[in-house]
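Engineer: There's a structure below that I have some questions on.
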Amino acid sequence: MLTPQTTEEPTEQAPLLGPHGGDAIQDVTPTPLSPAHLRLLLLVCISIVAADFGNSLTLAPQISIFESLICRRIGAGDDCKAPEVQGELALLIGWKETIDQLPGIIFALPYGIVADRIGRKPILVLCLIGLVLEEVAIRLVCWWNVALPIRMIWATPVFQVIGGGSQTATAMAYAMITDVVPMDRRASIFYITAAVILLGEILATPISAFLMTWSPWVPSLLGIVFQLGGLLGAALVSETHPDPTLNFEEVYESESLLDDSDGTEVDDNEPAYHKFGYQRVRDTVTEYWIHVQTTHRKGWDFNMAFVVLTFLLASIGKQAFQLIIPYASKRFSWSIARASFLITLKGTINLITLLLILPRLSTWLSRQMSWSPAVKDLRIVQGSAWILTLGMTLMGFTALPELFISGLCLFALGWGFYSALRSLATALVSPSQVGVLNSGIGLAQSLGSLVAGPILATAFGHGLRQGGLGMGLPYMVAATLLFMASCLTCVIHIAGEKRRV
């Protein structure tokens, strides 16, 4: 097991300017990572990128396979673009995506609690096993289409019960990164991780299109191979979970989050690994509940409520980007091919932002402003949130393609908001609660994805019927949600920081 690096975490009572006051020169040299930690980061990134790349590789061919099967079953002949075929395809995919969110919503927090007790690696491996089994089941339903109705794919998310699905896998990956990366480097590592995943998704699209010239089954099956590679990478990762025999005070003595006056006693006679599974879960829940009761007066849990709610609102808001191709095609009378260029444009700006702009901005803020890592992350979160809001507002209220593209560029520049907010959130909890935190974030994102579909689809339909300025209604709704999320970031407070008037 790798020893987590916790010495860089802020405490509730430590002044953010250091023990020597504001005149002291702050050491902003990034804390070096050990070779073992670098190896773990590499394996975690390979595992997640391989699994995500495999999933992206299968998206287009999977739709093509579904379309051909529906076309054959309906008897539409060669006209697979007939309304009845496309209607059934939209219904099939829409309900599949909705059902896909349910396991994460139901099991994210339970698996997060278990991960904080027994470790991250077992949960990550279980997640990837469940996702691979789901993909295999989808292929089997399609292969045996004569005997099985295509709607049987709606039952395949049941395999996500094993591990909790993709959001839980992402939560465990970020929890492992949090365990070993010092706080002063955490945001930059999160930016790089998000950028590498994004790069994989961008590359998967043309590769998949090329392989589909032979058969859609080629990239469809190859995607499973990459997902198995991700599972292998997860199996090779070392465990990073903090020593479970340490209670909250031992890991975070200076925070004094547990009040001695409440009379709560912790039995240290029995090591945590010697307890039964249900006892581990019970102890974690009890510890977290005591923590909630004793820290709400200091504002910690209000901060976390704001963080999770911000993730929820921002997750709904960013889903409006999924409508960009049909919206731009209709609004500006563009071809689908021309509208798809907007996706490439956004992806390119995202990469530049995550790999170049934000890491350099983060370093500059540390050196020039002498801000602590937590305060620096908070300022980046707040700035990025307002940039997202401004970009989405411009996209919703303009009828000019030039202004729409300008709004899209602003929206892409603010994309680091999600990585920075996750980094900030990890600074507000102890190492023993990182799993629950990331699972809570995953739960918020799953709920956001679940409700975003009907909300934005309804807004898109109303906008089309209204015409004119009303066509931008889905982006107006998204801008409103992002505005609310931006306001929430302004009430998050770091202990020891002077509130701005």
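Engineer: Kindly indicate whether any position in segment 78-95 is in contact (Cβ under 8 Å) with a residue 60 or more places away in the chain and surrounded by fewer than 17 Cβ atoms within 10 Å (Cβ to Cβ).
Structural biologist: The answer is yes, given that some residue of segment 78-95 is in contact (Cβ under 8 Å) with a residue 60 or more places away in the chain and surrounded by fewer than 17 Cβ atoms within 10 Å (Cβ to Cβ).
Engineer: Identify, from the list A425, A459, the residue that is without any contact (Cβ under 8 Å) to a residue 24 or more places away in the chain and in a helix (DSSP H, G or I).
Structural biologist: Of the residues listed, the single one that is without any contact (Cβ under 8 Å) to a residue 24 or more places away in the chain and in a helix (DSSP H, G or I) is A459.
Engineer: A further question on this structure: Could you please give the count of residues in segment 99-129 that are closer than 30 Å to P454 by Cα and in contact with a Ser or Thr (Cβ under 9 Å, 6 or more places away or on another chain)?
Structural biologist: 15
Engineer: Taking the stated definitions as given, is G391 in contact with a helix residue (DSSP H, G or I) (Cβ under 8 Å, 6 or more places away or on another chain), buried (at least 20 other Cβ atoms within 10 Å of the Cβ) and either part of a helix (DSSP H, G or I) or free of Cβ contacts under 8 Å to residues at least 12 places away in the same chain (or both)?
Structural biologist: Taking the combined requirement at face value, the residue satisfies it.
Engineer: Inside segment 127-157, can you point out the residues that are touching a residue at least 24 places away in the same chain (Cβ under 8 Å) and part of a loop (DSSP other than H, G, I, E, B)?
Structural biologist: N145
Engineer: Based on what the data block shows, is V451 at pLDDT below 85 and β-branched (V, I, T)?
Structural biologist: So V451 fits the description; yes.
Engineer: Return the only residue of I380, I455 being surrounded by fewer than 21 Cβ atoms within 10 Å (Cβ to Cβ) and in the same structural domain as L469 (by TED's automatic domain parsing).
Structural biologist: I455
Engineer: Same structure again: Going by the structure shown, is L131 of a type outside the set (D, E), crowded, with 21+ Cβ neighbours inside 10 Å and either in the same structural domain as S315 (by TED's automatic domain parsing) or at pLDDT 90 or above (or both)?
Structural biologist: Yes: the conditions hold for L131.
Engineer: A follow-up question, please. Q160 versus (1) under 25 Å from L221 (Cα atoms); (2) surrounded by fewer than 16 Cβ atoms within 10 Å (Cβ to Cβ): which is the lone unmet condition?
Structural biologist: Q160 satisfies every listed condition except (2).
Engineer: Consider L345 carefully, then state whether it is under 25 Å from the mean Cα position of the chain (by Cα), touching a residue at least 24 places away in the same chain (Cβ under 8 Å) and surrounded by 19 or more Cβ atoms within 10 Å (Cβ to Cβ).
Structural biologist: Against the criterion (under 25 Å from the mean Cα position of the chain (by Cα), touching a residue at least 24 places away in the same chain (Cβ under 8 Å) and surrounded by 19 or more Cβ atoms within 10 Å (Cβ to Cβ)), L345 does not qualify.
Engineer: OK, next. Output yes when any residue across segment 429-440 is in contact (Cβ under 8 Å) with a residue 24 or more places away in the chain and outside any helix (DSSP H, G or I), and no when none is.
Structural biologist: Yes, there is a match, as at least one residue in segment 429-440 is in contact (Cβ under 8 Å) with a residue 24 or more places away in the chain and outside any helix (DSSP H, G or I).
Engineer: Just wondering, is there one or more residues in segment 246-253 that are outside any loop (DSSP other than H, G, I, E, B) and either closer than 26 Å to K346 by Cβ or modelled with pLDDT of 80 or more (or both)?
Structural biologist: No, segment 246-253 has no match at all.
Engineer: Let me spell it out: the conditions are (1) in contact with a Leu (Cβ under 8 Å, 6 or more places away or on another chain); (2) aromatic (F, W, Y); (3) under 25 Å from I189 (Cβ atoms); (4) modelled with pLDDT under 90, and F460 meets all of them except one. Which number is the exception?
Structural biologist: (3)
Engineer: Take I192 and tell me if it is of a type outside the set (D, E, K, R) and modelled with pLDDT of 85 or more.
Structural biologist: no
The values are calculated or read from the model by the stated rules, or taken from the named source; none is laboratory data. Owing to the predicted nature of the structure, the values given are computational and were not obtained by experimental measurement. Note that each Cβ is placed from the backbone with ideal geometry, even for glycine, and that neighbours are counted across all protein chains shown.
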